[in-house]
1. For the structure I just gave you, tell me whether residue 109 is within 30 Å of residue 178 (Cβ to Cβ) and out of contact with any helix residue (DSSP H, G or I) (no Cβ under 6 Å at 6 or more places or on another chain).
2. Pairs, please: C-beta under 6 Å, at least 6 apart or cross-chain, first residue within 18 Å of residue 215 (Cβ to Cβ) and in region 182-197, second surrounded by fewer than 23 Cβ atoms within 10 Å (Cβ to Cβ)?
3. Give the residues of region 86-106 that are more than 24 Å from residue 162 (Cβ to Cβ) and in contact with a helix residue (DSSP H, G or I) (Cβ under 6 Å, 6 or more places away or on another chain), sorted by residue number.
4. Looking for something modelled with pLDDT under 95 and closer than 22 Å to residue 89 by Cα - is there at least one such residue anywhere in region 171-184?
5. Does region 33-40 contain at least one residue that is in contact (Cβ under 8 Å) with a residue 60 or more places away in the chain and farther than 30 Å from residue 155 by Cβ?
6. For region 172-181, which positions are crowded, with 19+ Cβ neighbours inside 10 Å and either in contact with a strand residue (DSSP E or B) (Cβ under 8 Å, 6 or more places away or on another chain) or more than 12 Å from residue 115 (Cβ to Cβ) (or both)?
7. Specify the residue that is surrounded by the most Cβ atoms within 10 Å (Cβ to Cβ); the eligible residues are those in region 25-49 that are assigned to a helix (DSSP H, G or I) and touching a helix residue (DSSP H, G or I) at 6+ places or on another chain (Cβ under 6 Å).
């Protein structure tokens with residue numbers, strides 16, 4: 001998305017500057033303090049195009065010819081949706097990053113309190129609920145990564161905030177759920193396993209391209225972020 005927006009901005013900015021350039025300075029009225037005879041360069045045309053595209057409206061260079069008085073507002077109308085798209089992208093990307101970090105922190109907390117033991121035990125309601133919430137969060141992150149692939153390039157040095165480092169916790173929870181005698185827990189574990197697998201599949205297809213098992217992709221994912229997969233039970 002940012003690459004597309006930047007490309008469109010550059011194309012429009014430079015394209016319209018070439019439209020304005022042949023008509024500088026005769027086709028425009030210049031504000032006081034500006035020497036119109038010295039305002040005929042391509043850089044002046046780029047400046048005019050940039051100010052118009054950004055809808056700043058300084059008023060130091062104003063179109064005088066009739067068709068230019070129509071052309072300049074047209075460029076401004078093109079610039080407004082581009083600015084809106086850029087701002088919207090930023091406002092959508094940061095919540096996606098926040099959700100990824102929040103899940104990493106949640107997995108870190110589950111690791112600290114030895115949730116593997118809970119899942120392997122007989123408290124089916126609580127264990128199944130924990131696993132189902134993890135599956136829902138992983139499914140949401142898969143959608144975030146598909147829609148905002150740029151978030152992959154944002155890396156967190158803190159292990160507790162790094163999802164690649166904490167995915168091992170989810171994997172070991174699914175293994176514990178598989179050994180559970182409670183059907184609800186086993187089912188919830190299968191949901192987590194499927195959600196993690198789908199997420200890693202997106203990571204591999206879009207970025208890593210290592211292929212193989214989910215464990216292999218998870219290891220490559222952590223390595224790409226400069227992390228090591230944390231064990232399910234904290235040593236601290």
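1. Yes: the conditions hold for residue 109.
2. 189/178; 192/135; 195/135; 195/139; 197/214
3. 86, the sole residue that qualifies.
4. no
5. no
6. Once the filter is applied, which keeps residues that are crowded, with 19+ Cβ neighbours inside 10 Å and either in contact with a strand residue (DSSP E or B) (Cβ under 8 Å, 6 or more places away or on another chain) or more than 12 Å from residue 115 (Cβ to Cβ) (or both), region 172-181 yields only 180.
7. Only one residue tops the list, namely 48.
The rows are residues; the columns are (1) in contact with a strand residue (DSSP E or B) (Cβ under 9 Å, 6 or more places away or on another chain); (2) modelled with pLDDT under 85; (3) outside the structural domain of residue 180 (by TED's automatic domain parsing).
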{"residue": "71", "(1), (2), (3)": "yes, no, yes"}
{"residue": "74", "(1), (2), (3)": "no, no, yes"}
{"residue": "77", "(1), (2), (3)": "no, no, yes"}
{"residue": "83", "(1), (2), (3)": "no, yes, yes"}
{"residue": "96", "(1), (2), (3)": "no, no, no"}
{"residue": "100", "(1), (2), (3)": "no, no, no"}
{"residue": "105", "(1), (2), (3)": "no, no, no"}
{"residue": "122", "(1), (2), (3)": "no, yes, no"}
{"residue": "125", "(1), (2), (3)": "no, yes, no"}
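The values are calculated or read from the model by the stated rules, or taken from the named source; none is laboratory data. All values derive from a computational prediction rather than experimental measurement. Here Cβ is always computed from backbone atoms with ideal geometry, including for glycine, and neighbour counts include all displayed protein chains.
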